[in-house]
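Presented below is the structure to which this report refers.
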Amino acid sequence: MGFPPALPLDTGRASSIVICCIVFPCLAALTVVARFVARRQKAVKYGWDDYLVVLALLALCGQLTILILGTIYGGVGHHNVRLSSANIAFQYKVLAAVQFTFATSVGFMKMSICVLLIRVFGLNRAFRLAAWCALGLCIAWTIMVISIGAGLCRPFSYNWNRDQDGSCGNSVAAYISIAATDIGVDAVLITLPMPWLWRLQMATKTKVGLTVVFAFAFLDIIVAILRIYYLVNTSYAEGADFSWVSSGTFVWSVIEPSLGIIVACAPVLGPAIKHCVPWGQTGTQIGQPISSRASNWQTPTNPYSGVSMAQHAPLGQTKQPEFSQDRGDDEESQGDSAGVTASDEQMQISVRTDLDIRPG
């Protein structure tokens, strides 16, 4: 079956839908590219978290393609009075297909975050167990959404062809339950790494930065709440102006996985950002914790010369200048016996060879 007559994009909300379907997925695609650039710059082997986020992006590309076609040929964003029966039928096909692309895109994105957390914090047995449970929760959520989309109307073609015997369940209740459980899974993924993040041996500013990055996932929760709002205020009854009132739901269903992919990639973008931004040359990469003691260690300084001892070669077989073994000598006498002299222009260490400092 061919496409129904195309509708103009310069009327109604059609242009806004198409713009959102292009801009946000493109931003998500850029972050995925930057993620792989960062992995390559740090010579880090690709993992399942990287592959899963690519699958999420591919599903998102499928979703935006379906929605753009639905806007052009299905009349999404237009009032129903301007649509033919063929346009409306195509629009309901789009609605049925978007349920699967949304589930796979958001599901793979959540799985990628879980695998990344296991990769970073997996040395802790308790956290590893919790992260694997969260991964199982994400998989279960994805299967649930796909199952609801596949079984909501029987037969499946009843989604767009009501001229046959069939029935559909409560669409509003089903979609709200999907969005509500989506928020619950996001909340688990946000709170899961926080206690362990602050136990890592890395600079405090790095911990704060990573906390902010993970906190960006709250944006995804806000988007999911907005999507619930539009779902509640969308009428699925026959004769309702569905193509007009459902446009907000379609838009937020593209924005949510796009932001989710950006959040999933953000923790590993450090090298790519440092390569592009001159002032970002310092800091610690996630997954590469450093010891706080090592970062605070400083080269010891000779108190008598003011010059770092680590900057000079050892004298003979000794690591330090030889001082008097007499514990009662003060600092001045020890400096004299060692032959330490200083000039105004430059502090130097000199060794007198005419002294016999062997114990007597």
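The values are calculated or read from the model by the stated rules, or taken from the named source; none is laboratory data. The model shown is predicted, which means the values in this text are computed figures rather than measured ones. So basically every Cβ, Gly included, is an ideal-geometry build from the backbone, and we count neighbours across all protein chains shown.
Search the range 25-55 for residues being of a type outside the set (Lys, Arg) and not in a helix (DSSP H, G or I), and hand back the single one that is surrounded by the most Cβ atoms within 10 Å (Cβ to Cβ). The extreme case among them is 44. Checking the condition in contact (Cβ under 8 Å) with a residue 24 or more places away in the chain and surrounded by 16 or more Cβ atoms within 10 Å (Cβ to Cβ), which residue from 68, 22 passes? On inspection, the qualifying residue turns out to be 68.
The single condition among (1) surrounded by 14 or more Cβ atoms within 10 Å (Cβ to Cβ); (2) modelled with pLDDT under 85 that residue 14 does not satisfy is (2). Do any residues in the range 145-163 that are under 20 Å from residue 4 (Cβ atoms) have Cβ atoms under 6 Å from those of residues that are crowded, with 17+ Cβ neighbours inside 10 Å, where the two are at least six apart or on different chains, and which pairs are they? Partner pairs satisfying both residue conditions: 159/92; 159/96; 159/153; 160/89; 160/92; 160/93. Would you point out which residue out of 32, 54, 37 is more than 28 Å from residue 195 (Cβ to Cβ) and without any contact (Cβ under 8 Å) to a residue 24 or more places away in the chain? Of 32, 54, 37, the one residue that is more than 28 Å from residue 195 (Cβ to Cβ) and without any contact (Cβ under 8 Å) to a residue 24 or more places away in the chain is 54.
Among the residues of the range 40-49, just one is without any contact (Cβ under 8 Å) to a residue 24 or more places away in the chain and under 15 Å from residue 264 (Cα atoms), namely 46. Six or more apart or on different chains, Cβ under 9 Å: which pairs go from a residue in the range 77-95 that's without any contact (Cβ under 8 Å) to a residue 12 or more places away in the chain to one that's surrounded by 16 or more Cβ atoms within 10 Å (Cβ to Cβ)? Could you list them? Once the first residue is without any contact (Cβ under 8 Å) to a residue 12 or more places away in the chain and sits in the range 77-95, its partners that are surrounded by 16 or more Cβ atoms within 10 Å (Cβ to Cβ) give 85/4.
Specify which of the listed residues (215, 174, 179) is touching a Lys or Arg at 6+ places or on another chain (Cβ under 6 Å) and either over 19 Å from residue 268 (Cα atoms) or free of Cβ contacts under 8 Å to residues at least 40 places away in the same chain (or both).
Residue meeting the stated conditions: 179.
For the range 131-159, the set of residues classified as assigned to a strand (DSSP E or B) and either surrounded by fewer than 17 Cβ atoms within 10 Å (Cβ to Cβ) or basic (Lys, Arg) (or both) consists of 154 only. Selection of first residues in the range 122-142 that are more than 21 Å from residue 178 (Cβ to Cβ) and of second residues that are of a type in the set (D, E, K, R) and part of a helix (DSSP H, G or I), restricted to Cβ pairs under 8 Å at least 6 apart or on distinct chains, gives the following pairs, ordered by first then second residue: 122/128.
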